[in-house]
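Below is one structure, written out as structure tokens; comments come after it.
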Amino acid sequence: MKTSISILIIIFGFAIFAPLLTPYPVSGDTSPKMGEQLSNRHLAPSIKHPFGTDELGRDIFARTLYGARISLGVGLAARILAVIIGGLIGSIAGFYGGKTDFILSRLIEIFLAFPSLILAIGIGTALGSGLLTVIIAIVAVSWVDVAVLIRAVSAEISKRDFVMAARAIGEPESMILFKHVIPHCYAPLIVTFSFGIASAVMIEASLSFLGLGSSGNSVLGPSWGWMIYTAEAYLGVAPWAVFGPGLFLAMTVFGWNMLGDSLRDKFDVKAELR
């Protein structure tokens, strides 16, 4: 767990303190010196430009650091919403059972019938490009795994003695759900939240790579997926342009997945389903 936390602290540190870690602006020089900047395009990695420069002479290291804000921000926001929506639907289905479970389970199966990335691309195409579209697309494809897990956990918890005792003394079903059942789902929720951020970051990068995410001209900076997309056209002359965003993307996904594995072992989530 220490390794994964260290990796994520480094990534978040780069994102938060980007203005202090690089002297270059995220969008390059917009002053009359723009011509001088263009003369620096496709420079190889050096001490001055650790990841080199792109097709417009902008420092790739600076853009990678600022891009972490979009990739991490979108991933966290989307996963929080997915956990809330999926956790609520799953807990209701597992706790009440019967017709409620049948209807919600069919809804879950409908979303499971579509490959997640294909569904995300379809939503992005229908709604148009932008960060809000990316968040909606990620939530739409990622709440399902949360719902499936929490449905199984809540169904098991609803059979425990303390829930039966609460029913015996006449507590309302809704109060039992929110007071006794959902709080006992925190361990699997934390684990699936961690795993899901890695998936959300990858989906965001995929949508941005396809032109459905954040534009490279955004005031917030480019996302890693967009940077890889624009660098693809110049692989013959500047193959290093994909190294920076690709490395940070891989480290982020690796860090969240490692943290998820550690949390799963720590909380022993499998025991929740026994």
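A short reminder: the numbers here are calculations on the coordinates, not readings from a lab. The structure presented is a predicted model; accordingly, all values stated were derived computationally and were not measured. No Cβ is skipped: glycine too gets one built from the backbone with ideal geometry, and neighbour counts run over all protein chains shown.
To the nearest µm²/s, what D does Stokes-Einstein give for region 120-274 at 20 °C and 1.002 mPa s, using the Kirkwood radius over alpha carbon pairs as Rh?
Details: Rh = 18.1 Å.
This corresponds to a translational diffusion coefficient of 118 µm²/s.
Summing -39500 (n - 2.57) over the DSSP H runs of n ≥ 4 in the chain and dividing by its residue number, what mean residue ellipticity at 222 nm do you reach, to the nearest 500 deg cm²/dmol? The partial results should precede the final answer.
Values: 13 runs with 189 residues, N = 274.
Computed mean residue ellipticity for the chain: -22500 deg cm²/dmol.
Name the helices (complete DSSP H segments) of the chain with a Cα length along the long axis of 20 Å or more and a Kyte-Doolittle mean of at least 0.5, or state none. Write out the running numbers ahead of the final one.
Values: long enough: 2-16 (21 Å, 2.11); 60-96 (53 Å, 1.46); 98-112 (21 Å, 0.88); 131-157 (38 Å, 2.13); 186-209 (34 Å, 1.51); 243-267 (35 Å, 0.47).
Those that pass (Cα extent of 20 Å or more, hydropathy at least 0.5) are 2-16, 60-96, 98-112, 131-157, 186-209.
Quick check on the exposure proxy: order 134, 139 from fewest to most C-beta atoms within 10 angstrom. All intermediate terms of the calculation are to be shown ahead of the outcome.
On the way: 134 31, 139 22.
So the ranking, lowest neighbour count to highest, is 139, 134.
Separation between the residue 107 and residue 167 pseudo-spin-labels, each 7 Å from Cα along Cα→Cβ, expressed in nm?
Placing both labels 7 Å along Cα→Cβ, they lie 2.2 nm apart.
Using just the alpha carbons, could you tell me how many Å³ per residue the convex hull of region 148-211 encloses?
Details: hull volume 5.5 nm³, N = 64.
That works out to 86 Å³ per residue.
Could you give the size of the charge dipole of the chain about its Cα centre, using +1 on the Cβ of each K and R and -1 on the Cβ of each D and E, expressed in debye and rounded to the nearest 20? Kindly include the intermediate steps, with their values, before the conclusion.
Details: 19 positive and 18 negative charges, 66 e Å.
Roughly 320 debye for the chain.
Could you calculate the contour length gain from residue 44 to residue 254, that is, 0.36 nm times the residue separation minus the distance between their Cα atoms, to one decimal place in nm?
Numbers: separation 210, 0.36 × 210 = 75.60 nm, distance 2.69 nm.
Here the segment from residue 44 to residue 254 would lengthen by 72.9 nm.
Expressed in whole Å with the largest first, what are the equivalent ellipsoid semi-axes of region 1-148 derived from the C-alpha gyration tensor as the square root of 5 times each eigenvalue?
Numbers: eigenvalues 366, 68, 25 Å².
They are 43, 18, 11 Å, listed largest first.
Just rank 258, 227, 164, fewest to most, by other beta-carbon atoms within 10 angstrom. Write down the numbers at each step before the final one.
Details: 258 19, 227 28, 164 11.
Lowest count first: 164, 258, 227.
May I ask you to list the lysines whose Cα is less than 16 Å away from that of residue 266, ignoring any residue fewer than eight positions away on the same chain?
2
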